[in-house]
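The values are calculated or read from the model by the stated rules, or taken from the named source; none is laboratory data. Not measured: the values here are computed from a predicted model. FYI the Cβ positions are ideal-geometry reconstructions off the backbone, even for glycines, and counts take in every protein chain you see.
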Amino acid sequence: MKKLIYLFLALLIVSCSSDDSSDDNQLFLEKYDSVVWEGIAIPDDERVAFVNSSKTLAVFYDACFIYELEGSTEIPDGDTVTISIQDETENSISLLVQSALFPEDNSLFIYTVTSDGSTYILTRRIDGDIEGDEDITYTRTDYEVCF
């Protein structure tokens, strides 16, 4: 009888033990929370970071700007920018960015992370940009969020 109880307890412990593979199910904001990305070969030395806890996007170019990822943010030039998450997977996030003052600039920003094994690369593609901007590539850096 004791052997049966021990066997039952052993099976119970094994079946209730935690599985550390939960990282496989993380979405972009969880996986890259507060990681700072620095622009490669762009003139303004732009840096970006996604902050999961506050659902914000921090962008640095001359100063730090914080944008709500699911809402509106008033920016210094008097414009209001509204961002909404359109799609999110483990390694990409698509953001619809809308301007109150300049609706012709409304665009879908698609951020995708790839890795060659040693370097993580973040690429931003802008669909709907009237100027036809090229993709912008960022590399992971050790800067702190709001730089």
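The table below gives the values:
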{"item": "Restricting the range 42-84 to residues that are among the acidic types (Asp, Glu) and without any contact (Cβ under 8 Å) to a residue 60 or more places away in the chain, the residue that is nearest to residue 140 (Cα to Cα)", "result": "45"}
{"item": "Subset of the range 104-126 (residues that are farther than 26 Å from residue 140 by Cβ and either among the aliphatic types (A, V, I, L, M) or assigned to a loop (DSSP other than H, G, I, E, B) (or both))", "result": "106"}
{"item": "Residues that are surrounded by 13 or more Cβ atoms within 10 Å (Cβ to Cβ), among the acidic types (Asp, Glu) and closer than 26 Å to residue 74 by Cα, drawn from the range 89-125", "result": "105"}
{"item": "One residue from 120, 111 being under 14 Å from residue 50 (Cα atoms) and of a type outside the set (A, V, I, L, M)", "result": "111"}
{"item": "Output for the range 71-103, where each listed residue is hydrophobic (A, V, I, L, M, F, W, C) and either in a strand (DSSP E or B) or in contact with an Asp or Glu (Cβ under 9 Å, 6 or more places away or on another chain) (or both)", "result": "81, 83, 85, 93, 95, 96, 97, 100, 101, 102"}
{"item": "Those residues of the range 27-67 which are farther than 16 Å from residue 111 by Cα and under 13 Å from the mean Cα position of the chain (by Cα), in sequence order", "result": "53, 54"}
{"item": "Tally of residues being farther than 17 Å from residue 48 by Cα and under 17 Å from the mean Cα position of the chain (by Cα) across the range 89-106", "result": "2"}
{"item": "Residue within the range 79-90 that is of a type in the set (Gly, Ala, Ser), out of contact with any His (no Cβ under 8 Å at 6 or more places or on another chain) and modelled with pLDDT under 95 present", "result": "no"}
{"item": "Residue check for residue 6: over 19 Å from residue 138 (Cα atoms), aromatic (Phe, Trp, Tyr), modelled with pLDDT under 90 and surrounded by 10 or more Cβ atoms within 10 Å (Cβ to Cβ)", "result": "yes"}
